[in-house]
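The next block holds one structure in the form of structure tokens; read it before the comments.
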Amino acid sequence: MNAAVIHKRSLVYKKIAKDLRSDIARRIYDCDAFKKAMKQAHHGHTSVAVHTICVAVISLRIYYFLLEHHIQLNKDSLIKGALLHDLGIVGRYSKYANDVVCCYRHPIDSVSIAESIFYHINETVIDSILHHMFPMTPIPPHHLEGFVLIAADKYCASVEKAYGKDRSPAAVFLNFMNKQS
């Protein structure tokens, strides 16, 4: 990789690091559901919490790419959707009869958690979370933020399943940031 690419990635990663330390993100990290998510395995090799951070990293990379191409998204809605989309899956083995029920039900439970953290959560966040399992669930999201969430979620889940948490986008991001410090 040449120096210009590394410099550009460094600038984007610094923006993402700032975004993931925002008041919005901290409010989510401090909630009980996120703390429980840190302890629950997900995709075989990671936790629900690490997965959601991974999804946030990739969502924000897409956000900054689209911004360079003059496509505006609501960054706060994107961060909320990414960090909250799977919190409803916590406790899945005692809450859901099987994986099919989990697939359809955990987005609804995730919205309930989102509403308990942010009392005035906007429709874009709710829609993104409710429809993040598309195409496994039949209705797509109504906002571009929802499609970004779907893409980031599927990408992260695939990498986590195939390579484990050490090669996930969250791990790559954290390693890159540690080298920059």
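The values are calculated or read from the model by the stated rules, or taken from the named source; none is laboratory data. All figures in this text were calculated on a predicted structure; none of them were measured in a lab. As a convention, Cβ positions derive from the backbone with ideal geometry for all residues, glycine included, and neighbour counts pool all protein chains shown.
Quick notes
- Unique residue being closer than 19 Å to Leu20 by Cβ and not aliphatic (A, V, I, L, M) when the list is Asp86, Asp109, Asp99: Asp86
- Among the residues of the stretch 81-101, those identified as farther than 15 Å from Ala49 by Cβ, free of Cβ contacts under 8 Å to residues at least 60 places away in the same chain and part of a helix (DSSP H, G or I) are Tyr93, Ser94, Lys95, Asp99, Val100, Val101.
- Restricted to the stretch 123-156, and to residues there that are among the acidic types (Asp, Glu) and over 14 Å from the mean Cα position of the chain (by Cα), the residue that is surrounded by the fewest Cβ atoms within 10 Å (Cβ to Cβ) is Glu123.
- Scanning the stretch 7-18 turns up no residue that is crowded, with 18+ Cβ neighbours inside 10 Å, aromatic (Phe, Trp, Tyr), part of a helix (DSSP H, G or I) and at pLDDT 95 or above.
Table: residues versus (1) among the β-branched types (Val, Ile, Thr); (2) assigned to a loop (DSSP other than H, G, I, E, B).
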{"residue": "Val57", "(1), (2)": "yes, no"}
{"residue": "Ala114", "(1), (2)": "no, no"}
{"residue": "Pro140", "(1), (2)": "no, yes"}
{"residue": "Tyr155", "(1), (2)": "no, no"}
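- For the stretch 116-128, filtering for residues that are under 16 Å from Gly146 (Cα atoms) and in a loop (DSSP other than H, G, I, E, B) leaves 2.
- As for the stretch 83-92, it holds at least one residue that is touching a Pro at 6+ places or on another chain (Cβ under 8 Å), more than 20 Å from Pro169 (Cα to Cα) and not aromatic (Phe, Trp, Tyr).
- Residues that are within 13 Å of the chain's Cα centre (by Cα) and without any contact (Cβ under 8 Å) to a residue 24 or more places away in the chain, drawn from the stretch 48-80: Ala49
- Residues considered: Asp76, Asp109. Of these, the only one that is modelled with pLDDT of 80 or more, over 18 Å from Met133 (Cα atoms) and not in a loop (DSSP other than H, G, I, E, B) is Asp76.
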